[in-house]
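Please read the structure below before turning to the comments.
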Amino acid sequence: MKQSGNTILMTGGGSGIGAAIAQRLHDQGNTVIVAGRRLDALDETIAEREGMFAVQLDVEDAEGTAAFARQVLADHPDLNVLVNNAGIMRFESLDAARDLGDAETTIATNLLGPIRLIDAFVDHLVQQPGAAIVNVTSGLAFVPLVAAPTYSATKAALHSYTLSLRSALKDKVEVIELAPPGVQTELTPGQEDRPGYQPLAEFVDEVMALFAEQPTPEEILVQRVRPLRFAEASGDYQHTLEQLNASAKAAREAQR
C-alpha cells in the first residue's frame, strides 16, 4: 500500500483507533473520509484538517450502506483504499439463556458491515491503481475473550473472510489485515485507561511503522498482539487463553 496520494475511506473514524490512524494517514498526504454513526465525533476528527471529510454511516443499515457508497463515490471518484474499522464490543454471559440483542448487533456491525461495504466498493476498487482493502480484526480473532464471545467470533470470521478476499482479489486489490491487541480506547467502558492495555499513541506509532514497510505486510501485527496471533502455532494456546482471560478480568475488576 502506497504511503501518500491515496483517497481513503475509514469507517469507525470518530474515535479510538479509527480516528487516530485516519489523522496519521492524512498527515502523510492522503485524502481521508471518516465515516461513523456520530457526526459530531467525526467532525472532531477532521477539525481544521483540509482534505479530511466526514460522512455519517450506520453499517447495520443495508440499504443505507449502499446509498452511502454511491454518495462517497460520487463525491470522491478517486477512492482507492477502504479501511473497515467500525466495530463494537459487548460483554455477554454464556452460562444462562439471555436476550441475544447484543450478539445480533455485534454480528451486524462487526461482520455484516464490512462484508456489505466491500461488496459496495469492490467493482470500483478493482479499477483503481494502488487499491487496497484493510480489515481491522483483533488479537481476539485468534484467542477469544470469554467475556466477549460474539465480538471474538466476529473477528475470527472477519479474519477468515479476509483470507478468502485476499485470494479472490490477488493482483487486483491489495488486502491487508490489521489485528490490534487490547488498546486504550473507548471500545468498552473504562478501557481508555485500563491497566495493561497498550496506550493508543504507542499502538498507532507501531502500526504506521509497519504500514511503511515495503512491501506492506499482509498482516499488521504490533509486538503486543503476536503472542495471541501465534499461540496455536507455538503450542501455547491453552496457557495463552487462560492468561489472557485472567489478566483481562483482573484489569476490569481493578477499575470497579
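No lab work stands behind these numbers, since they all come straight from the coordinates. Quantities reported herein were computed from a predicted structural model and do not represent experimental measurements. So basically every Cβ, Gly included, is an ideal-geometry build from the backbone, and we count neighbours across all protein chains shown.
The helix-only estimate of mean residue ellipticity at 222 nm for the chain, built from DSSP H runs of length n ≥ 4 each weighted as -39500 (n - 2.57), is -13000 deg cm²/dmol after division by the residue total. Let a ≥ b ≥ c be the square roots of the eigenvalues of the Cα gyration tensor of region 191-256; is it rounded (a/c under 1.5), or, if not, prolate (a/b larger than b/c) or oblate? Oblate. Bridging of Lys2 to lysines at a Cα separation below 20 Å is possible for Lys170, Lys172, once same-chain residues fewer than 8 apart are set aside. Each residue of region 219-231 was assigned a 3J(HN,Hα) from its phi angle through the Karplus curve 6.51 cos²θ - 1.76 cosθ + 1.60 (θ = phi - 60°); the sequence is 10, 8, 10, 6, 4, 5, 8, 4, x, 6, 4, 10, 4 Hz, with glycine and proline shown as x.
Rounded to the nearest 20 debye, the dipole magnitude of region 7-254 is 400 debye, with +1 charges on Lys and Arg beta carbons, -1 on Asp and Glu beta carbons, and the Cα centre as origin. Segment Asp61..Lys2, full-extension length gain: 18.1 nm, with 0.36 nm per residue of separation and the alpha-carbon distance subtracted. Rounded to the nearest 20 debye, the dipole magnitude of region 144-196 is 260 debye, with +1 charges on Lys and Arg beta carbons, -1 on Asp and Glu beta carbons, and the Cα centre as origin. Can you check what the net charge comes to around Arg194, using other residues whose Cβ is under 13 Å from the Cβ of Arg194 (Lys, Arg +1; Asp, Glu -1)? Taking every Cβ under 13 Å from that of Arg194, the sum is -1. For region 7-254, the residue among Ser164, Pro77, Val222 whose Cα projects farthest onto the positive side of the dipole built from Cβ charges is Ser164. Rounded to whole numbers, the Karplus 3J(HN,Hα) couplings from phi for region 7-21 are 10, 10, 9, 10, 7, x, x, x, 6, x, 4, x, 5, 5, 5 Hz, using 6.51 cos²θ - 1.76 cosθ + 1.60 with θ = phi - 60°, and x at Gly and Pro. Which is farthest toward the positive dipole end of region 96-217 among Thr185, Ala201, Val175, measuring Cα position about the Cα centre, with Cβ charges +1 (Lys, Arg) and -1 (Asp, Glu)? Highest projection toward the positive end goes to Val175.
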